[in-house]
Amino acid sequence: MQRSRSTLWPEAGVAVALVALYVTATLRREQAATDELLRQVMASGVPAPAVEQVIADYQMPLHSLLPLLGGAAGLLLAWVAAHYLALPRLVRQPDTIGLLYLVPSLLLLMGSVWIAQYFKLYLRLQHNELGVVTGLKMYSLYRQKTLLAEGVATGIGLGLYELLGQLLWYLRQRLSRPPEPGMRHGYDALLVGLVG
């Protein structure tokens with residue numbers, strides 16, 4: 001698992017690019033959902049002043065962008081702690097000290113999920129007792145069980161990313177030696193699968 005300095009920047013670049021793509025896709029999806037909610041509210045005949053007050057209170061940069069960026073930054077820090085501190089130690093010398101190196105990574109991971117969940121607010125339609133749309137309402141999805149579920153899902157995603165990265169590194173190392181039948185095709189197939 002000894003890596004050269006030339007592989008550090010591309011690895012980090014891929015991780016940052018993947019997180020940036022996720023943040024961009026999430027923000028686009030949330031903006032489309034907000035636009036659809038506004039369309040539904042206006043089509044229901046809700047007076048504009050009632051909607052304008054909620055829209056003024058709900059500020060997308062504060063209630064959506066910042067929690068998402070904070071969570072993404074924490075996730076990247078968790079990956080750095082796992083990838084550059086814990087995993088090299090565990091590969092070199094598997095012992096309890098190596099496992100303790102995973103603690104900062106797990107704390108950063110759960111902190112990033114907490115930031116993204118706790119500070120994030122959403123918009124939804126508000127209804128009266130008869131089910132008629134009366135406006136918009138801000139709400140939070142933050143619950144401890146949601147935090148735990150998101151933390152586990154994020155940890156699994158981070159673990160799979162790291163596992164695939166280790167597999168690619170291993171295959172690349174094997175390709176630098178005299179070729180074995182099928183190794184080159186396995187590396188190419190894995191790359192095509194990851195990109196596709």
Give me, ordered by chain and number, the residues 5 or more places off residue 127 or on other chains with an amide H under 5 Å from its own placed amide H. 134
Per-residue ³J(HN,Hα) for the range 32-47, Karplus 6.51 cos²θ - 1.76 cosθ + 1.60, θ = phi - 60°, Hz, x for Gly and Pro: 5, 5, 5, 4, 5, 4, 4, 4, 5, 5, 5, 5, 7, x, 5, x
How large is ³J(HN,Hα), in whole Hz, for each residue of the range 51-66 in order, when computed from phi with the Karplus curve 6.51 cos²θ - 1.76 cosθ + 1.60 and θ = phi - 60°, using x for Gly and Pro? 6, 4, 5, 5, 5, 5, 6, 8, 10, 4, x, 7, 8, 10, 5, 4
Evaluate 2.2 N^0.38 Å with N set to the residue count of the range 55-115, then give the Cα radius of gyration divided by it. 1.50
For the residues 134, 154, 24, what sequence is obtained by ranking on other C-beta atoms within 10 Å, fewest first? 24, 134, 154
Rh_Kirkwood(the range 1-139) over Cα pairs, Å, one decimal, evaluates to 17.9
With +1 on each Lys and Arg Cβ and -1 on each Asp and Glu Cβ, how big is the dipole of the range 5-143 about its Cα centre, in debye rounded to the nearest 20? 360
Summing +1 per Lys or Arg and -1 per Asp or Glu among the other residues with Cβ less than 11 Å from residue 79's Cβ gives -2
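Rule-based calculations on the coordinates, nothing more; no lab input. All figures in this text were calculated on a predicted structure; none of them were measured in a lab. Note: ideal-geometry Cβ built from the backbone for every residue, glycine included; neighbour counts use all protein chains shown.
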